Amino acid sequence: MGEERVKEEALQLIGMFQLLPRWVVFDLDYTLWPFYCQRRSKRETPSLYPHAKGILYALKDKRINLAIASRSPTADTANTFLDKLSIKSMFVTKEIFFSCKNKTDHFRRIQSRTGIPFNSMLFFDDEDWNIEAASKMGVTSIYVDNGVNLRELRRGLTQFTENQNASDKNQRK
């Protein structure tokens, strides 16, 4: 499925939801692209998972802000790859720095820079411990085992809506 077709399907999918996240945050390695960037040379030509670019464009078209939360020890390589893929400018904030622990520091920086509450964010990552940590902060977090795709986007938007509805019910009690 081509990038434009993925974008069209993602736009239709996003249009099915009344409640949308204000921010969608992506991990890089094995979430947007199928490799660890620290094991690659900056001279290489990187590639994204097949649905990734179309999904990013659809989210931007719907005016949903995009961010990166990556524990990569090679931020320079990651940024070079984002440039080569012509997607670097799509991300409002890029938190790419190594951490021995989960991504709580990444999310605190995103929240501090944007002022957006954690419960207004949707996050995609391929590591359970990052998903668990971000979820405990109130971020709707979706584990992806083969990169971000339309199925995972649907799952994320559905979970985000369910979390928002549950939060609204709790506030009314």
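A few points about this structure:
- Rounded to the nearest whole Hz, the Karplus-based 3J(HN,Hα) values (6.51 cos²θ - 1.76 cosθ + 1.60, θ = phi - 60°) of the stretch 66-82 follow the sequence 10, 9, 10, 10, 10, 8, 4, x, 10, 4, 5, 5, 4, 5, 4, 5, 4, with x at glycine and proline.
- Sorting 2-9, 49-56 by average packing, meaning the other beta carbons within 10 Å per residue, from highest down gives 49-56, 2-9.
- Each part reduced to its alpha carbon centroid, the stretch 21-40 and the stretch 63-116 end up 9 Å apart.
- Square roots of five times the Cα gyration tensor eigenvalues for the stretch 1-97, Å: 24, 15, 10
- Net charge of neighbours whose Cβ lies under 11 Å from the Cβ of residue 149, counting Lys and Arg as +1 and Asp and Glu as -1: 0
- Cα gyration tensor category, rounded, prolate or oblate, for the stretch 1-46 with a/c compared to 1.5: oblate
- For a label point 7 Å along the Cα-to-beta-carbon line of residue 41, residues of the stretch 59-84 with backbone N under 20 Å: 73-84
- The mean sequence distance of close C-alpha pairs (under 8 Å, at least 6 residues apart), as a share of the length of the chain, puts its relative contact order at 28 percent.
- Whichever aspartates and glutamates have a C-alpha closer than 18 Å to that of residue 62, once near sequence neighbours (fewer than 8 apart) are set aside: 3, 4, 8, 9, 152
- As a ratio to 2.2 N^0.38 Å, the alpha-carbon radius of gyration for the chain is 0.99.
- Heavy-atom surface analysis with a 1.4 Å probe gives the stretch 1-59 a carbon and sulfur content of 45 percent of its accessible area.
- Theoretical FRET efficiency, 1/(1+(r/R0)^6), r = Cβ-Cβ of residue 4 and residue 154, R0 22 Å, to 0.05: 0.70
- Solvent exposure of the stretch 77-173 as accessible area per residue, Å², 1.4 Å probe: 50 Å²
- Per residue value of the accessible surface for the stretch 1-72 (all protein chains in place, 1.4 Å probe), Å²: 50 Å²
- Pairwise FRET efficiency - residue 88 versus residue 22, Cβ, R0 = 25 Å, nearest 0.05: 0.75
The values are calculated or read from the model by the stated rules, or taken from the named source; none is laboratory data. Note that the structure is predicted; figures quoted are calculated from it, not measured. FYI the Cβ positions are ideal-geometry reconstructions off the backbone, even for glycines, and counts take in every protein chain you see. All accessible areas refer to the heavy atoms of the entire protein, side chains included, with ligands and DNA or RNA removed. Shrake-Rupley method; radii C 1.70, N 1.55, O 1.52, S 1.80 Å.
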